[in-house]
1. With the requirement that a residue be surrounded by 15 or more Cβ atoms within 10 Å (Cβ to Cβ) and not charged (D, E, K, R), what does the stretch 17-34 give you?
2. Looking at the stretch 90-105, can you tell me whether even one residue there is modelled with pLDDT under 90 and within 27 Å of TYR24 (Cα to Cα)?
3. Of all the residues that make up the stretch 1-34, how many are of a type in the set (Ser, Thr, Tyr) and assigned to a helix (DSSP H, G or I)?
4. Which ones in the stretch 88-123 are open to solvent by less than 30 Å² (accessible area, probe 1.4 Å), of a type in the set (Gly, Ala, Ser) and assigned to a helix (DSSP H, G or I)?
5. Restricting to the stretch 55-88, name every residue that is touching a strand residue (DSSP E or B) at 6+ places or on another chain (Cβ under 7 Å) and β-branched (Val, Ile, Thr).
6. Please work out which residue is surrounded by the fewest Cβ atoms within 10 Å (Cβ to Cβ), limiting yourself to the stretch 35-81 and to residues that are small (Gly, Ala, Ser) and assigned to a loop (DSSP other than H, G, I, E, B).
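The values are calculated or read from the model by the stated rules, or taken from the named source; none is laboratory data. Since the model is a prediction, treat every value here as computed from it, not as a measurement. Quick reminder, even Gly has a Cβ in these numbers, built from the backbone with ideal geometry, and neighbours come from all protein chains shown. Quick note on the areas: whole protein, heavy atoms, side chains included, nothing else; ligands and nucleic acids left out. Shrake-Rupley method; radii C 1.70, N 1.55, O 1.52, S 1.80 Å.
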Amino acid sequence: AALSPADRATLTRAGVRFGAEWIYLAPLLRPAAVGLRAVLWSAAADQPAPAAPHPGRLGLPRADGVPADFYRTIGYPVLGPRALRVDRLEALAAAARRLARGGPFAATPELASLADARLVDLPGMLAALGYRAVVEGETTTFVPASRRRSAVRAETRPDARPALGDRFAALG
């Protein structure tokens, strides 16, 4: 929000993409760049790197014992049971937002295709994006999870903290 339109245009020309969920560099989604980041993660973590996704894979199941940090590092953030390439994550989030504008929505094969996932994986992925499953009889629909701010969270804003002389200031 602090960027001017000219700054945004300059960054966009350089390959920076501004999504609702992530900001990323599109050229770094290429298979060679993903593989290099896997090697760099391995060196930094001092452990063998899990296999990087095959070229062209948009999503992959989360492997047991592989830290979420590895997936984020290679550009595939974890969404529930799967890791999804960041540009596809943005596409899935945008499609879910469009569907949610019309009220509760069902997990569809089109959403599964966007996520390179099976239909049974979508509930966990949508939950990770902030949607709540509503089960009514045999049907399951999704609605945006409540984003109400609790009174406690509102009181812990920096401008709402008590003065230092207050004996409960340390709890703030």
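1. We begin by selecting, within the stretch 17-34, every residue surrounded by 15 or more Cβ atoms within 10 Å (Cβ to Cβ); these are 17, 21-22, 24, 28-29, 34.
TRP22, TYR24, LEU28, LEU29, VAL34, listed by residue number.
2. Start the filter on the stretch 90-105 by keeping residues that are modelled with pLDDT under 90, which leaves none.
No, the stretch 90-105 contains no residue that is modelled with pLDDT under 90 and within 27 Å of TYR24 (Cα to Cα).
3. Filtering the stretch 1-34 for residues of a type in the set (Ser, Thr, Tyr) gives 4, 10, 12, 24.
Keeping just the survivors that are assigned to a helix (DSSP H, G or I) gives 10, 12.
The number of residues fulfilling the criteria is 2.
4. The answer is ALA93, ALA94, ALA95, ALA96, ALA100, ALA112.
5. Scanning the stretch 55-88 gives a single hit, VAL86.
6. Of the residues in the stretch 35-81, the ones small (Gly, Ala, Ser) are 35, 38, 42-45, 49, 51-52, 56, 59, 63, 65, 68, 75, 80.
Narrowing the set further to residues that are assigned to a loop (DSSP other than H, G, I, E, B) leaves 49, 51-52, 56, 63, 65, 75, 80.
Numbers: ALA49: 18, ALA51: 11, ALA52: 19, GLY56: 8, ALA63: 11, GLY65: 6, GLY75: 22, GLY80: 18.
Among residues in the stretch 35-81 that are small (Gly, Ala, Ser) and assigned to a loop (DSSP other than H, G, I, E, B), the one surrounded by the fewest Cβ atoms within 10 Å (Cβ to Cβ) is GLY65.
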